[in-house]
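Read-outs: derived from the displayed coordinates by stated rules, not from any lab. Just so we're clear, the structure is a prediction, and the values are computed from it rather than from any experiment. All Cβ positions, glycine included, derive from the backbone under ideal geometry; neighbour counts span all protein chains shown.
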Amino acid sequence: MLNMTNGVVAEEDGYKFVIVPVKYQIIRNKPEAEKAREKLSIEYPGMPIILMAMGVNGIPEYYGQEEIINCLKNNPALSPWKLYKLK
């Protein structure tokens, strides 16, 4: 189901959060997206988890906390990011 190997910790506008790339079908299926976020919360305790997938038009789509998603949509080039490998 989940084949997630990378997560990006980002901080923007006072929000510190994790962005994890997933397959498009996961963010389109609320129960699967919630299951993914629950599993990821073990790796990133206490941090909001944002799932990201490339949409059909090549535009990123997100699933997670609305305030952070709005921030991502308004600031597509967030930095600094730190990349972590999940074991």
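Near Asn70, once Lys and Arg are set to +1 and Asp and Glu to -1 for all other residues with Cβ below 13 Å from its Cβ, the sum equals -3. Once you reduce region 4-24 and region 49-67 to the center of their Cα atoms, the two points are 10 Å from each other. Note on region 6-85: Lys pairs 8 or more places apart or on different chains, Cα atoms under 17 Å apart, count 6. Take the Kirkwood radius over Cα pairs of region 6-85, plug it into Stokes-Einstein at 10 °C and 1.306 mPa s, and you get 125 µm²/s for translational diffusion. Of the beta bridges in region 6-85, as assigned by DSSP with both residues counted there, near 80 percent are antiparallel.
Packing here is the average count of other Cβ atoms within 10 Å per residue, and on that basis the peptides 51-59, 33-41, highest first, run 33-41, 51-59. Each other residue within a Cβ distance under 14 Å of Val22 adds +1 if Lys or Arg and -1 if Asp or Glu, for a net charge of +1.
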